[in-house]
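Down below is the structure, laid out as structure tokens.
The values are calculated or read from the model by the stated rules, or taken from the named source; none is laboratory data. None of these values were measured; they are calculated from a predicted model. Methodologically, a virtual Cβ is constructed for each residue, glycine included, from the backbone with ideal geometry; neighbour enumeration extends over all protein chains shown. Ligands, DNA and RNA are excluded from the accessible area calculation, which covers all protein heavy atoms including side chains. Shrake-Rupley method; radii C 1.70, N 1.55, O 1.52, S 1.80 Å.
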Amino acid sequence: MTDNESYGKSGVIRKQKTLFIAKELFRKSIHICSAFIPFFLRLAFWPVIILLVLALAVYVFSEVQRRRGVTIPLISTITAAAARKRDEDRFVMGPVTLVVGILLAALLFPPECAALGIYALSFGDGLASVGGKLFGRILIPFADGKTVAGSLTCFTAIFISAWFSSRSTSTALILAMVGMFIELLPLKDFDNLIIPVAISGTAFLL
């Protein structure tokens, strides 16, 4: 391979990595926006619950139509832009599990516990992937490609958000450890469902 070919190949790889990180940042920015939901739930609980259910229904309809080749303005575009490579040519489950996880946390637990679970999902799971993609060098064995950097990012984000919400170091530490452990599991999109419920439940027991 000549120097020009080698340089060209490395340039393509860099471009692909840049595009991948940009897509991940876009996808996780949507994820992190869910951190506003506890605030809105405190203002108007049932109207927000109803809006979340309606948003879920609209998304499911849009995704079914997209799979049939019918484009729904804006929604289909955002879904395609945020979809991972593994989501190509299949129903994108991430938004479904995200909303269902938030709904379960809000409906099953007191507001302060549900908020901790939703924050853990928004910041912990949301930033773990970004931290892993940007700074991850050391892979964790048997963790489906998860990195030490990603797990530490998850732990730190949950700890900080939980501490500011509860003002309890012990509570924040326990929730961060539980969240980091769940994030390590090869759950794919279903971590969106499990993290808010598990963290809210743990906070309720504490």
Worksheet item: How much accessible area per residue does the range 102-206 have, in Å², with a 1.4 Å probe?
Response: 47
Worksheet entry | Accessible-area order (highest first, 1.4 angstrom probe) of the listed residues Leu205, Leu107, Leu98 | Leu205, Leu107, Leu98
Worksheet item: For the range 116-206, which whole-number percentage of the solvent-accessible area (1.4 Å probe, protein heavy atoms only) is attributable to carbon and sulfur atoms?
Response: 75
Worksheet item: Any idea how far apart Leu54 and Ile32 come out in nm if each label point goes 7 Å out from Cα toward Cβ?
Response: 2.8
Worksheet entry | Extended-chain gain in nm, criterion 0.36 nm per residue less alpha-carbon gap, Asp144 and Leu43 | 32.4 nm
Item to complete: Using a/c under 1.5 as the rounded threshold, could you call the range 88-149 rounded, prolate or oblate? The axes a ≥ b ≥ c are square roots of the C-alpha gyration tensor eigenvalues, and prolate needs a/b larger than b/c, oblate otherwise.
Response: oblate
Discussion item. If I take R0 = 25 Å and measure r between the Cβ atoms of Leu108 and Ile160 in this structure, what FRET efficiency does the formula 1/(1 + (r/R0)^6) give, to the nearest 0.05?
Written reply: 0.55
Item to complete: For the range 85-206, report the convex hull volume of the alpha-carbon atoms normalised per residue, in Å³, without decimals.
Response: 91
Worksheet item: Classify the range 136-206: rounded, prolate or oblate, from the alpha-carbon gyration tensor (a ≥ b ≥ c, eigenvalue square roots; a/c under 1.5 rounded; otherwise prolate if a/b is larger than b/c)?
Response: oblate
